[in-house]
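Worksheet: one structure, shown below.
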Amino acid sequence: MANKLTIAIILAAVAAVIAGAVVYGPSLLPPPNNSACHDPDSISSHVYIPGRLQTIKSCITASGNVTAKRNEQDGDYHILVQLDAQYSNLTTQGNIDHQNGWLVVEIICVLPVNQTDAVGPCQNYTNTIPIPDVGQHITFSGPYVLDSEHYYWAEVHPVYSLTIG
């Protein structure tokens with residue numbers, strides 16, 4: 001009889017621990033490490049005409065393979081990324097129609113600026129984001145936006161952090 005009572009008490013205690021973990025567990029866990037999702041050196045302040053970018057999410061982290069890299073007149077690199085499967089929902093019809101279905105990942109103020117309205121925002125800013133090559137796998141963070149001047153395609157613009165490999 002004592003063994004059955006002991007087993008019942010143990011089972012009740014285990015059930016209580018499980019129930020407590022389900023109900024209170026998420027609030028007891030430390031916050032996720034979102035260290036990559038912040039704006040170092042106020043990079044966003046160097047975006048030209050920021051009102052053209054409709055912010056969907058203030059910061060995301062995603063990954064994929066670099067399929068193309070384009071020099072832009074505003075001094076930015078457009079890195080075109082075939083997203084890893086778990087991020088495939090980040091592209092829009094604009095990406096499908098005008099970017100081969102790839103996400104635009106924009107690293108700002110890297111190149112000489114040949115576009116008048118972008119000269120001011122790039123002044124006094126030195127890019128420190130690494131520039132990947134075509135074929136490399138990258139993980140990147142930054143604001144997830146729709147570009148209203150470019151078919152509302154989805155972008156991460158500007159890139160806050162990028163790792164290669």
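Quick look at the numbers
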{"item": "Those residues of segment 83-135 which are in contact with a His (Cβ under 8 Å, 6 or more places away or on another chain) and touching a residue at least 60 places away in the same chain (Cβ under 8 Å), in sequence order", "result": "Gly94, Ile108, Cys109, Pro121, Cys122, Tyr125"}
{"item": "Every residue from segment 47-95 that is among the hydroxyl-bearing types (Ser, Thr, Tyr) and touching a helix residue (DSSP H, G or I) at 6+ places or on another chain (Cβ under 6 Å)", "result": "Tyr48"}
{"item": "Scope segment 130-154; condition over 9 Å from the mean Cα position of the chain (by Cα) and in a strand (DSSP E or B); matching residues", "result": "His137, Ile138, Val145, Leu146, Asp147, Trp153, Ala154"}
{"item": "Lone qualifier among Ala62, Ala13 - being modelled with pLDDT under 95 and of a type outside the set (Val, Ile, Thr)", "result": "Ala13"}
{"item": "Among (1) crowded, with 17+ Cβ neighbours inside 10 Å; (2) assigned to a strand (DSSP E or B); (3) of a type outside the set (A, V, I, L, M) - the single one Asn127 does not satisfy", "result": "(2)"}
{"item": "Total residues in segment 44-57, condition farther than 15 Å from Phe140 by Cβ and surrounded by fewer than 17 Cβ atoms within 10 Å (Cβ to Cβ)", "result": "8"}
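The values are calculated or read from the model by the stated rules, or taken from the named source; none is laboratory data. The shown structure was predicted, so the numbers you read here are calculated from the model rather than taken from an experiment. Glycine gets a Cβ as well: all are built from the backbone with ideal geometry, and neighbour counts include every protein chain shown.
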